[in-house]
1. Can you compute the FRET efficiency between residue B:82 and residue A:107 using 1/(1 + (r/R0)^6), with r the Cβ-Cβ distance and R0 = 35 Å? Round to the nearest 0.05.
2. Just to confirm my numbers, what's the Cα centroid distance between the stretch B:114-148 and the stretch B:9-83 in Å?
3. Would you tell me the mean number of C-beta atoms belonging to other protein chains that fall within 10 Å of each C-beta in A:68-78, as a whole number?
4. Mind checking the mean number of beta-carbon atoms from other chains within 10 Å of the Cβ atoms in A:46-52?
5. Tell me the angle of helix B:3-13 to the major Cα principal axis of chain B, expressed in degrees between 0 and 90 and rounded to the nearest ten.
6. Rounded to the nearest 0.05, what FRET efficiency do residue B:43 and residue B:20 give with R0 = 30 Å and r taken as the Cβ-Cβ distance? Could you check?
7. Relative to a virtual label point 7 Å from the Cα of residue B:139 in the Cα→beta-carbon direction, which members of the stretch A:1-41 show backbone nitrogen distances below 17 Å?
8. Work out the mean other chain Cβ neighbour count within 10 Å for the residues of A:28-40 and drop it here as an integer.
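Values in this text are rule-based calculations from the coordinates and carry no lab data. Note that the structure is a prediction, hence the values are computed from the model and not measured. As a convention, Cβ positions derive from the backbone with ideal geometry for all residues, glycine included, and neighbour counts pool all protein chains shown.
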Amino acid sequence: MIYVHAFLFAGLVCLIGQMILDNTTLTAGHVTTIFVILGAFLDTFSIYDKFVLWAGGGALVPITSFGHLLIHGALEKANEFGLIGLAMGMFDLTSSGIISAIVISFFLSLIFNPKD
Amino acid sequence: MEKSRYQKLVKKYKPKENRLFNGMMAFLVGGIMGMIGQFLVEFYATNLEISTKEAGTFMIITLIFIGCLLTCFKFFDKWVHFAKAGLFVPITGFAHAMMSAALDYKKEGMVTGLGASMFKLTGSVIIFGVVSAYVFGLIRILLFGGTI
């Protein structure tokens, strides 16, 4: 059943993105940025956590989960250390994704050439 | 030519996009990406005997690797043409943007090209994500207390 939920959630997020793209002059970069801000906003009051429980991996795949993970780590550390914790824990959960993206694309760009 | 008439002409000859078809494709491909994510989470959680949270991290790294590799083999650009938002809203779009920036600017040198321009496309996602998360975090802590 969780597979159906994952399909519905990830599909709906992508559908909203496509609708924004088709009906306005915004580009793909705008859409992903809007979704990251939206994810951070939804997790401010732990709404996105409920989506993750409901849809499992389906809620982690769209870029909204990036914003969710940013503020999740920040609030976790802030509970421990106060305001300064916001800055300490911001990348706690997302660093794995960013670091692996940097390292993988660095080494692959050494091997492959761009298309002409 | 008058401005309004010109705009009318531009509108007439702009290629019409089939919005319904685009939406359906985005929904379908995005949904399948979500199912792949859920499958990978369960796969890692059972086979490597780790918690679901760790398995989520493994899943994201796997998808980033697949996205980078497909960009290198030039499949990704063709598929984005059909799937559109279905492929760049998931985390693979993040990997694709970073990988194509790295490939494109490689010819300008290692430091001034690759190093300086790798975040050219993904930078906005990280900057706005961090700034918005910081502001929302401040609001939540100052106005509502740390734990709810």
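1. 0.75
2. For the stretch B:114-148 versus the stretch B:9-83, the Cα centre distance is 24 Å.
3. 5
4. Taking all residues of A:46-52 together, the mean is 1.
5. With both axes taken from Cα atoms, the answer is about 70 degrees.
6. On the way: r = 34 Å, r/R0 = 1.14.
Rounded to the nearest 0.05, the efficiency is 0.30.
7. Answer for this model: A:34-41.
8. 6
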